[in-house]
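Asks: If you scroll down you'll find the structure; I have some questions about it.
The values are calculated or read from the model by the stated rules, or taken from the named source; none is laboratory data. Only a predicted model underlies this, so the values are computations on that prediction, with no experimental measurement involved. Here the Cβ positions follow ideal geometry from the backbone for every residue, glycine too, while neighbour counts run over all protein chains shown. SASA here: full protein model, heavy atoms, side chains in, ligands and nucleic acids out. Shrake-Rupley method; radii C 1.70, N 1.55, O 1.52, S 1.80 Å.
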Amino acid sequence: MYFLKNFFILPLDIILILTNNKQYITMKTRKESQNEFDWKQIKKELQKEINESAFKAWFANMDLEELKGEDVYFNIPNTFTQHWIKEHFMNNLTSSIKEVTGKLYNVHFLVNKKTNLETNEQQETEEEQQKIQKPFLHDKYTFENFVVGDNSKFAYAAAMAVSNAPGREYNPLFIYGGVGLGKTHLLQATGNRVYSQYPNLRILYTQTEEFLNEMIKSIQEYSTVQFKRKYREIDLLLIDDIHFLSGKERLQEEFFHTFNALFEAKKQIVITSDRPPKEISGLEERVISRFHWGLMVDLQPPDYETRLAILRSKIQSDNIQISDSVINYIASNIKNNIRELEGCLIKLLAHASIYKTDITVELAKKVLTDFIKEKEKRITLEKIIKSVSEFYNIDADEIKGGKRSKSVAQARQIAIYLSRHLTNLSLKEIGNGFGKRDHSTILHSFNKIENLMRKNNRIKGDISTIKSKLTET
Ligand code: ADP
Ligand code: MG
């Protein structure tokens, strides 16, 4: 008999072994009497009891396989589903059956028919995967295009070492640093270099957000097997912006298991984050210590000389003429973000070409002022409140309004802090945006959060995530 065995480390610490043998779980229940077993009707009952997305994910396509006396058999696609239903919805299922039939049934699950379907799909993907595809990476992100300064030399050397011998040293490599400092650039440069040296390795670059969405979708569509397989089979996983896991404890659990599977198979993982792991809110100790097993490197803002060198290299690669005084002017005024350094240069060139003017320091001044003003204008009170509301999952009106529960009050203070920090609005204007609070309340909130940030890494991390979302271009 064909026997397919797949080991995947699964959420909730289950090891999933899929076979096309039947698998059963049995829940013994008490016997009572009567009425027809109408599965459609039972599903309608269930729909009243559990939320719609859970119903769709777990029961909408579940088939009744067989009814034998007081035993009922359902067909489900995999043992993950079986486990999930058993853990979360067993009472709902048995009580809905009882509601319709008037009788308590022993519920069994068969991991059978759909598993065979999955098996076929797996065989197909297996064939597809034989052909190694070029990884989805941007060509401009190379080590050659990366200007190394004191701020980045350690991170650069580590990424280079990893790309020379993936999976052998520094696993995982964890690169952290503020917005626009070259994390994505180094991450993708690692992928590009590995690809050019080891074309047979499977390389996957993904944003953390994308990874999580894919994972959730796979659970809902019964395709966790393919999902896990996809991630288990790669040799180099490049995962960008892991701070996105902040505050998402449930997802971290699943994420951790996928990571473990890769670590144990000695596959290389490179991770970026806008802050060190201990500042990622809700990140479990065991995940943090996993990250510490490898190597952590940080990217600092570049010093003046490095900023000059970066500007020069951009100019050189685009073959443009710009005087030193202009370059010096830009490098002295934009300090903390290389993306902005580039952005400013591009604006300046566009301006000079549209208006057919020379690129002078005066023009640079004007363009830079507009650039900064534009950036400030982009961040409004409404946007700040919306971001805080999304981050903490608290209604925007509650943040603006008077509610005083501790979590709402703290979210409001954070929004106020960010408003003062990221906009040019006066205390009075900020107060008006937060339910007409007076300026002393606003000042008090600001100071409170500023103090808290010194003592509390979690708050500091939360604020840095919200801030980087708001300031991203
Ligand atoms: P992050 O991911 O840290 O937000 P990115 O990697 O996206 O930042 O970098 C922002 C921009 O700055 C990119 O266009 C990148 O190529 C450029 N950049 C960053 N660091 C350097 C560097 N050291 N040398 C040259 N370009 C850089
Ligand atoms: Mg990035």
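Asks: For residues that are more than 12 Å from ligand 1 (Cβ to nearest atom) and basic (Lys, Arg), scanning just region 159-193, find the one that is surrounded by the fewest Cβ atoms within 10 Å (Cβ to Cβ).
Replies: Arg168
Asks: Just for region 259-281: of the residues that are within 24 Å of Ala189 (Cβ to Cβ) and part of a helix (DSSP H, G or I), which one is farthest from ligand 1 (Cβ to nearest atom)?
Replies: Phe263
Asks: Which residue out of Lys377, Lys356 is in a loop (DSSP other than H, G, I, E, B) and of a type outside the set (S, T, N, Q)?
Replies: The conditions single out Lys356.
Asks: I would also like to ask the following. Tell me yes or no: at least one residue of region 401-411 is within 24 Å of Arg454 (Cβ to Cβ), polar (S, T, N, Q), modelled with pLDDT of 90 or more and in a helix (DSSP H, G or I). Steps first, answer last, please.
Replies: The first filter runs over region 401-411 and keeps only residues within 24 Å of Arg454 (Cβ to Cβ), leaving 406-411.
Restricting the remaining residues to those that are polar (S, T, N, Q) gives 407, 410.
After this cut, where a residue has to be modelled with pLDDT of 90 or more as well, the list is 410.
From what's left, in a helix (DSSP H, G or I): 410.
Yes, some residue in region 401-411 is within 24 Å of Arg454 (Cβ to Cβ), polar (S, T, N, Q), modelled with pLDDT of 90 or more and in a helix (DSSP H, G or I).
Asks: Kindly list the number of the only condition in (1) open to solvent by less than 10 Å² (accessible area, probe 1.4 Å); (2) modelled with pLDDT of 90 or more; (3) farther than 28 Å from Arg458 by Cα that fails for Tyr198.
Replies: The one condition Tyr198 does not meet is (1).
Asks: Moving on. For region 356-377, state whether one or more residues are more than 24 Å from the chain's Cα centre (by Cα) and within 16 Å of ligand 1 (Cβ to nearest atom).
Replies: To start, the set of residues in region 356-377 that are more than 24 Å from the chain's Cα centre (by Cα) comprises 356-377.
Then keep just the ones that are within 16 Å of ligand 1 (Cβ to nearest atom); that gives 371, 375.
Scanning region 356-377 turns up at least one residue that is more than 24 Å from the chain's Cα centre (by Cα) and within 16 Å of ligand 1 (Cβ to nearest atom).
Each row is one residue, and each column tells you yes or no for (1) within 16 Å of ligand 2 (Cβ to nearest atom); (2) surrounded by 20 or more Cβ atoms within 10 Å (Cβ to Cβ).
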| residue | (1), (2) |
| --- | --- |
| Val270 | yes, yes |
| Ser273 | yes, yes |
| Gly282 | no, no |
| Ser289 | no, no |
| Asp298 | yes, no |
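Asks: Please go through region 170-198 and give me each residue that is within 11 Å of ligand 2 (Cβ to nearest atom) and assigned to a loop (DSSP other than H, G, I, E, B), ordered by number.
Replies: Of everything in region 170-198, those that are within 11 Å of ligand 2 (Cβ to nearest atom) and assigned to a loop (DSSP other than H, G, I, E, B) turn out to be Gly178, Val179, Gly180, Leu181, Gly182.
Asks: I'm trying to understand the selection: among the residues of region 423-440, which are surrounded by fewer than 17 Cβ atoms within 10 Å (Cβ to Cβ) and among the hydroxyl-bearing types (Ser, Thr, Tyr)?
Replies: Ser426, Ser440
Asks: Oh, and also: I'm told Thr206 meets every condition in (1) of a type outside the set (Gly, Ala, Ser); (2) away from ligand 2 (no atom under 16 Å from the Cβ); (3) surrounded by fewer than 19 Cβ atoms within 10 Å (Cβ to Cβ) except one. Can you identify the failing condition by its number?
Replies: Only one criterion in (1) of a type outside the set (Gly, Ala, Ser); (2) away from ligand 2 (no atom under 16 Å from the Cβ); (3) surrounded by fewer than 19 Cβ atoms within 10 Å (Cβ to Cβ) is unmet by Thr206, namely (2).
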